[in-house]
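Contents: one structure, followed by commentary.
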Amino acid sequence: MTIHRFPIRIYYEDTDFSGNVYHAAYLKFFERGRTEFLRDLGVHHSELAGQGLAFAVRSMEIDFVAAARIDDLLEVTTEVVAMTGVRLTLAQGILRDGQVLTKAKVVVVSIRTEGGAARLPAELRARLAGG
């Protein structure tokens with residue numbers, strides 16, 4: 001499986017009083033990376049919702065290695081490392097000039113918008129698997 005790459009610029013609103021990126025901002029960056037990863041596969045959240053499907057984060061492990069600062073140009077990487085009928089495990093990273101600043105293991109599940117787990121459609125599983 002290939003690694004998806006998405007650029008993120010750090011703005012003043014992303015930082016805290018110290019000038020470093022506020023820890024919760026990394027969650028937004030990871031979310032944007034996952035969304036753009038799906039978009040580049042031709043999968044749009046609005047279309048999934050039209051089918052009564054959505055993704056929900058089940059768990060996330062984050063390792064903050066080094067700080068990002070205002071005006072940094074970062075790269076969010078996303079890669080599928082495991083997949084079942086309902087669950088995706090993704091490895092994500094946030095890098096500056098190739099150096100890992102933050103990394104995460106994210107487990108997302110497919111759900112029905114009215115509630116409960118939903119099996120990923122076969123076509124979507126094939127796209128996620130790189131086929």
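Just a few scattered comments:
- Tallying residues that are under 15 Å from L41 (Cα atoms), among the hydrophobic types (A, V, I, L, M, F, W, C) and surrounded by fewer than 17 Cβ atoms within 10 Å (Cβ to Cβ) within the stretch 106-131 yields 3.
- Pairing residues of the stretch 1-24 that are of a type in the set (S, T, N, Q) with residues that are part of a loop (DSSP other than H, G, I, E, B), at Cβ distances under 6 Å and at least 6 apart in sequence or on separate chains, gives T15/I70; N20/A67.
- Inter-residue pairs, beta-carbon under 9 Å, first in contact (Cβ under 8 Å) with a residue 24 or more places away in the chain and of a type in the set (D, E, K, R) and in the stretch 84-101, second surrounded by 14 or more Cβ atoms within 10 Å (Cβ to Cβ) and part of a loop (DSSP other than H, G, I, E, B), 6+ apart: R87/L120; R96/A68; R96/D72
- Selection from the stretch 11-51 of residues that are of a type in the set (D, E), touching a His at 6+ places or on another chain (Cβ under 9 Å) and under 22 Å from A122 (Cβ atoms): D40
- Scanning the stretch 58-95 for residues that are charged (D, E, K, R) and within 17 Å of the chain's Cα centre (by Cα) turns up R58, E61, D63, E75, E79, R87.
- Residue check, G130 assigned to a loop (DSSP other than H, G, I, E, B) and out of contact with any Leu (no Cβ under 7 Å at 6 or more places or on another chain): yes
- When the residues of the stretch 71-90 are filtered to those that are within 14 Å of F29 (Cβ to Cβ) and hydrophobic (A, V, I, L, M, F, W, C), the one that is surrounded by the fewest Cβ atoms within 10 Å (Cβ to Cβ) is L73.
- Summed over the stretch 57-70, residues that are within 15 Å of F29 (Cα to Cα) and of a type outside the set (A, V, I, L, M) total 4.
All of the numbers you see were taken from the coordinates with simple rules; none came from a lab. Please read these numbers as outputs of a predicted model, since none were measured by experiment. We place every Cβ from the backbone using ideal geometry, glycine too, and count neighbours over all the protein chains shown.
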